[in-house]
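**Student:** Just passing along the structure, written as structure tokens.
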């Protein structure tokens, strides 16, 4: 990544080609295969008519998420977490982020005593798996909730708006949107931004991998993120309109 | 399943529509999405230039397999094995079966000090996931080995022949080939057969879920399995000929 | 194992000397030390007046099994599974097989809301520990059930018939019954057969360790298994008649 | 927290009274008890003359961190993680954040093949344990590194500058610096900011617990964080000058 | 430890300077930092209005203890037990000893259906952490129980008397009281004695690390322990009288 | 246990009938089934020509022990530790005690770089399993070491003397030797004593389960233990003389 050109001649503020395939599997109440370029994540939303023990009897629902990566989603094989006997710190961090992002757009009181779990399983990883997961999970969640409304199990739709996420970063002197793996691994600063369709932020997680970053750089990255997320939300809407 | 007709008017000795998509993911040395009707398994073969500790320095290679099921591959969500902290007995049983089946068709001395791991991850489960896994894994393994031959890392191809598997069972008075979930869960006897393209058996695992079975019934099932496996091997060959 | 003679001049279709000692320990409702030659397994059947959570309130009982091997049951010491923090795949596979075999001969509706767990712990291992376990467990189970009938806790005996198992295998050109360790480790094909006293099969698990096997060889092995199991069932009956 | 006044009449931009006690324990190469009001964290830096396996032979060092909370650091007792058999997701998230923050201010090439682990153990928790941990760990790390320089094991000091962290949040209509527990649990948005003494950012992690937040609110929070961190760095410098 | 003089010119029958700080942390019902010379243990007693499942409905209470050591409490860093996924054998042994010692001085019937857990976390370890833990835990327990009496939750004080513990040992030809680390690691025999203020024994655990010990030596050690424990109990009483 | 008579009219200072069967299993270098009345423990000593990592290259050997209880060794079935995923605190405590007791009678320098592991597996438990384990393990260890001497792998026998153990206790007003289960569970004080044949103590572990005990009671118990251990050592010697 020494040259200033991005792979496939992407512009600095351009997200990768995004594709969302609904009903990718047959049984989940919401099932979306989301692709951000070569990153492919299967997001399955499962509805259960129960809530975790600590929430019982309070009339509220719960939305949670789990994240996993197939062992050979990446260039070299990673050890299967089920075989090593625990989920790693990175996995836990990511699935907590996805879950918080989704809960931020659902009115849990309106959901009532139901639990929706969105499983985000990475089939192929080329950078940005957590932001692709959030963006795809929002659509899977919308489908699952819609099925509850359609069947009469919910009188009112508890989902307040769409939520999407993108990674942005500084690579040398360039601020770039939606980093792919080769960019991500060379970036000085890497930031994941989660926003609603109303342009408000739910999560901002910026990390200086190399050089620390300035307020000005932070603002540049947030500008890029805002544009990118708007593009992703447009895809979400088009997908759900199909 | 009280009527004698099979779903989709399948004949008793007919396997489901089988489809194998090569290069389904981009990074694995062999990557096959295998579909037996609604059962879909992603088989990724990964090559590593090392062997397990107990095999070091003996000039031999190793072939192994791991099996997993996405939490919502099935009608209701199963707990993620990585989250529960261990692989269940069923998972272990299946991945050991896949691994033995693949090793039976590879000359480990010719492979030399290399290890191939085939990950079989079930995207959607409608019965027969272990037999679909073996059948798809054989093609992924062939591709991975071919890449080693092509790159000159192997002088000679260590794979002796194709291997495929099918489930057969007795449902009421009928012996059926390639059970789908609704049939499998109602069957009295369930048998998984693994065979080479030469018609020799590698594994035979028959279980009486309800009534015990006779030698005659066993023979009937083996006849069905032989025919079904020939049909699957034809698909394997056609796929590799593409 | 290059010569064609078996250790101790056993005939090809001859099982090892089999001995079953009832009431081997004092507390279990059924307790049998089973010996197949030098293979020794202690089978303790424990009755509990409860069922697993998923079976509660359905008026049915449950029969399950656990398998373990003392660390120095074998020629070299194996790591204690309790110390390594989990049961290995082989252990899980075996205990699932024992449990299925036992359930196949018990009418769980007649058993009612009770659970019987048969622990099979290998004191000394010289091949065929899983088949010895099943054969001994059947007697321990019979004793435990008989105690429930005798005490009036069961009105009717839910055990339908005896069940026994034997391993058979192909070693060079010879099909042999009840392999001991030195034979087992050299065999090309190894098959475990579980049958009822009525000659019907409950489980057939054949594995080609070396060469794949033909239908003809399979039939030869099943003939041997049938004879061997009849011999074992004769010992079971004699033991229970004491 | 309905009134607009903060506990102890703190101003909105005012950090709690901060105290850092060096050499709190006797054996660690760097040992600091850091107090942010009622939050108390013991930060022990341990030097080992080895690196993790994956870094061996590359002439570089490593800095890592672990985080724990005594079971009764909080208002009600939490289960001990050692007893429950694993570190929770929150713990992992926090210790990864601390470690990244520390590595950002150390030149690992200059450190050479040594590893420094900073253990941050929370003695008492009243909000902001992760930011107190980072702020105290920076001083413990400085002491540990200074001991290496003093003993001649390091020719040059690899620590580039101080690093400190503070939490900021929006509570109702007020942006507040250094939230204590009662504020934190009522906040709509909670953000942790990690900065160097040069005013550059290393980590920014903002989370909307309730309402999503705007760019303007984000900027307000960053202003508060900058001021707070400068105050903390002043304490760090004074502490190290003692 | 070849010379006969003890560090700091302690007499053979002299305990180290002992200090107990009550209310060391703010939230626990009883919180004591106990120091035996350089050994420092934080003892927090937590009251919960529930009992373990196996004790429910029997009108009795329960007192238990957990023990942990901060990774850098010792000269070299130990692996964090929460990270390694289990408590070691030594930890379990110690926490079981502390719990038994405390239960011996509490009338569980008078306590009623409440559970008190005393967490003993070693901040700095210089020998005798288990005896310091017991001695400090007794005071933390007394404070927790006193708070229940003061609030009216208990009509009667269930604590029968104080309990304290000391280690004694034989080093060369000398019997010594309250071994510090440098003595402990060189001792032939190491004994931990737990006694009530009435001079009766609750636990005696003597171990020959090197040479086996005689009855006469055992008696010598018990004499030393009796004196030492009386000195510790005097500190407990003075502390509680403050 | 309200009457003063012991089961089977045992005298207060009388151990149960003790039986040790050598070569109980075929493969271990030392294998002893030890019976103390109805308590039966299988002690297998395994020799390995290696030492634990931390002892490598120091020319010293190691002796260790592991303890387990078959699930139905007791009146009601206990959960299998391998299935629950960890060894309990009681198990760890006991196996550490056995190991220390054995190491106390072996000169590890003379043993050289070899490791002997003694597995003590309880077949039937009627009180005193840890003391029976130590007493039987001493004989299994002697046999394993003798085999090393006989084969010339050891020039000199590193075992210094026999070691045996017995439990003693106070039940009401009576001090009793070698408690069986019904006595043990009713005892106020329970003490395990480990001694060499020279009458010196290796371990003394006394616990007040009910009332605390006095110095005088302790002495009474030690007198009983001394006599009991002499009786056990006589059986050890007779067994080894066979």
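**Student:** With the requirement that a residue be within 14 Å of chain E (Cβ to nearest Cβ) and within 27 Å of residue D:56 (Cα to Cα), what does the stretch D:112-137 give you?
**Tutor:** D:114, D:115, D:116, D:117, D:118, D:119, D:120, D:137
**Student:** Which numbered condition in (1) out of contact with any helix residue (DSSP H, G or I) (no Cβ under 8 Å at 6 or more places or on another chain); (2) assigned to a loop (DSSP other than H, G, I, E, B) is the only one that residue B:119 fails?
**Tutor:** Among (1) out of contact with any helix residue (DSSP H, G or I) (no Cβ under 8 Å at 6 or more places or on another chain); (2) assigned to a loop (DSSP other than H, G, I, E, B), the lone unmet condition for residue B:119 is (2).
Yes/no matrix, rows are residues, columns are (1) more than 16 Å from residue C:33 (Cα to Cα); (2) buried (at least 21 other Cβ atoms within 10 Å of the Cβ); (3) modelled with pLDDT of 95 or more:
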site: C:107; (1), (2), (3): yes, no, yes
site: C:111; (1), (2), (3): yes, yes, yes
site: C:115; (1), (2), (3): yes, no, yes
site: C:128; (1), (2), (3): no, yes, yes
site: C:139; (1), (2), (3): no, yes, yes
site: C:166; (1), (2), (3): yes, yes, yes
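**Student:** If the requirement is being at pLDDT below 95, out of contact with any helix residue (DSSP H, G or I) (no Cβ under 6 Å at 6 or more places or on another chain) and closer than 23 Å to residue D:99 by Cα, which of these qualifies: D:198, D:173?
**Tutor:** Values: D:173 fails: closer than 23 Å to residue D:99 by Cα.
Just a single option satisfies the conditions, and that option is D:198.
**Student:** Kindly evaluate residue F:104 against the criterion of being touching a residue at least 24 places away in the same chain (Cβ under 8 Å) and more than 8 Å from every other protein chain (Cβ to nearest Cβ).
**Tutor:** No: the conditions fail for residue F:104.
**Student:** Looking at the stretch A:224-235, can you tell me whether even one residue there is surrounded by fewer than 24 Cβ atoms within 10 Å (Cβ to Cβ), in contact with a helix residue (DSSP H, G or I) (Cβ under 7 Å, 6 or more places away or on another chain) and modelled with pLDDT of 95 or more?
**Tutor:** Checked against the condition, which is being surrounded by fewer than 24 Cβ atoms within 10 Å (Cβ to Cβ), in contact with a helix residue (DSSP H, G or I) (Cβ under 7 Å, 6 or more places away or on another chain) and modelled with pLDDT of 95 or more, the stretch A:224-235 yields no hits at all.
**Student:** Residue check: is residue E:90 touching a strand residue (DSSP E or B) at 6+ places or on another chain (Cβ under 8 Å) and more than 7 Å from chain D (Cβ to nearest Cβ)?
**Tutor:** Working: touching a strand residue (DSSP E or B) at 6+ places or on another chain (Cβ under 8 Å): no; more than 7 Å from chain D (Cβ to nearest Cβ): yes.
No; evaluated as a whole, the condition is false for this residue.
**Student:** Of everything in the stretch D:46-83, what is more than 8 Å from every other protein chain (Cβ to nearest Cβ) and touching a helix residue (DSSP H, G or I) at 6+ places or on another chain (Cβ under 8 Å)? Give them in sequence order.
**Tutor:** D:47, D:59, D:60, D:61, D:62, D:63, D:64, D:65, D:67, D:69
**Student:** Considering only the stretch C:14-25, I want to know if a residue exists there that is at the interface with chain F (Cβ under 10 Å from one of its Cβ atoms), within 17 Å of residue C:136 (Cβ to Cβ) and modelled with pLDDT of 95 or more.
**Tutor:** Yes, the stretch C:14-25 contains at least one residue that is at the interface with chain F (Cβ under 10 Å from one of its Cβ atoms), within 17 Å of residue C:136 (Cβ to Cβ) and modelled with pLDDT of 95 or more.
The values are calculated or read from the model by the stated rules, or taken from the named source; none is laboratory data. Values in this document were obtained by computation on a predicted structure and should not be read as measured data. Every residue, glycine as well, gets a Cβ built from its backbone with ideal geometry; the counts of neighbours run over all protein chains shown.
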